[in-house]
Amino acid sequence: MTRFSRRAALTGLLAAGATGRAQAADWPDKAVTWLVPYPAGGGSDTFAPPVAAAMADRLGEAMVIDNRSGAGGTIGTAVAARAPADGYTLLLGDTGLTYAPIIYPKAGFNFARDFAPISALARLPYVLVINPARRVV
């Protein structure tokens, strides 16, 4: 089993990052579209405006938020899957979209084939709460 030191791993990450920045130095040179496959004002949509605004300030290009809701997020996700793979269409997805093709066999996308992850924006706990005094029959 090959072991890597922290220094070797850090050097590799820095080299990969420097190479990526050199290749994408002119990105973005036009507006970037954020596809949010949920309704405006919903839980996932609360992350898009502040993050997009910060990116627009830092990168100097407009970030356009496009809400395409419906079918549990699969409509907007399918639109993102058909967009050109040029870095100008970003999908703000959540864990529900990973199992959506099981529920919707004709969803129109395959995460392993159609998407490349960029970053995690947030980790949100899901909680199931019941009232033990109330009996459900």
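Structure summary
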quantity: Residue-wise HN-Hα coupling along the range 120-131, computed from phi with Karplus coefficients 6.51, -1.76, 1.60 (Hz; x: Gly, Pro); calculated: 8, 8, 7, 10, 10, x, 9, 10, 9, 10, 10, 9
quantity: Normalised contact order of the range 26-114, rounded percent, pairs of Cα under 8 Å and 6 or more residues apart; calculated: 35
quantity: Table column - 3J(HN,Hα) (Hz), the range 56-63, Karplus curve with 6.51, -1.76, 1.60, x for Gly and Pro; calculated: 4, 4, 6, 8, x, 10, 6, 10
quantity: Distant-in-sequence amide H partners of Val64 (H built 1.01 Å from N, under 5 Å); calculated: Val32, Thr33, Trp34
quantity: Diffusion coefficient, µm² s⁻¹, Stokes-Einstein with Kirkwood Rh over alpha-carbon pairs of the range 26-114 at 10 °C and 1.306 mPa s; calculated: 118
quantity: Long-range HN-HN contacts of Leu91 with modeled amide H, under 5 Å; calculated: Leu35
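Where a number appears in this text, it was derived from the coordinates with a stated rule and is not lab data. This one's a predicted model, so the numbers in the text were calculated from it and none came from an experiment.
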